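What follows is a single structure, written as structure tokens, with notes after it.
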Amino acid sequence: MKAQKVDVVMRRPGFLNVLSYAAGWVVAIGLILVGAAYALIKITNFAWPTLQWAIPLGIYLSLTAWFLYRAMQIPDEVARSHRQYQAVILCVRNLIILIILFADMRTVVGL
């Protein structure tokens, strides 16, 4: 058997190869971003009716909890019965506001 000489020519990637590689990355990242935006829109559309009342209600309840905490930290110069009275008034007021928040206003407004 006779040996054959093989010439191997190494070429660097051409300009078009580099461009197509970069374009592939741009397209892949673009598709990922579009998919993530679509998923975020779907999640937001699903959760928004709940968030519309949960966000203000959460803020209101957190402020109420903070005020109750502060009311209980008042020094003993203030009568304990007065603090309990204030806490009861605050809880009753919160229940009234929660009833108003959760009320179905469509029947009142006629929507």
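With the crude spin-label approximation of a point 7 Å out along Cα→Cβ, what separation in nm comes out for Ile55 versus Arg93? Going by the 7 Å Cα→Cβ label model, 2.5 nm. The residues of region 36-102 expose on average 82 square angstrom of accessible surface per residue, using a 1.4 Å probe on protein heavy atoms.
The values are calculated or read from the model by the stated rules, or taken from the named source; none is laboratory data. None of the values given here were measured: they were computed from a predicted structure. Glycine gets a Cβ as well: all are built from the backbone with ideal geometry, and neighbour counts include every protein chain shown. The accessibility values were calculated without ligands, DNA or RNA, using every heavy atom of the protein model including side chains. Shrake-Rupley method; radii C 1.70, N 1.55, O 1.52, S 1.80 Å.
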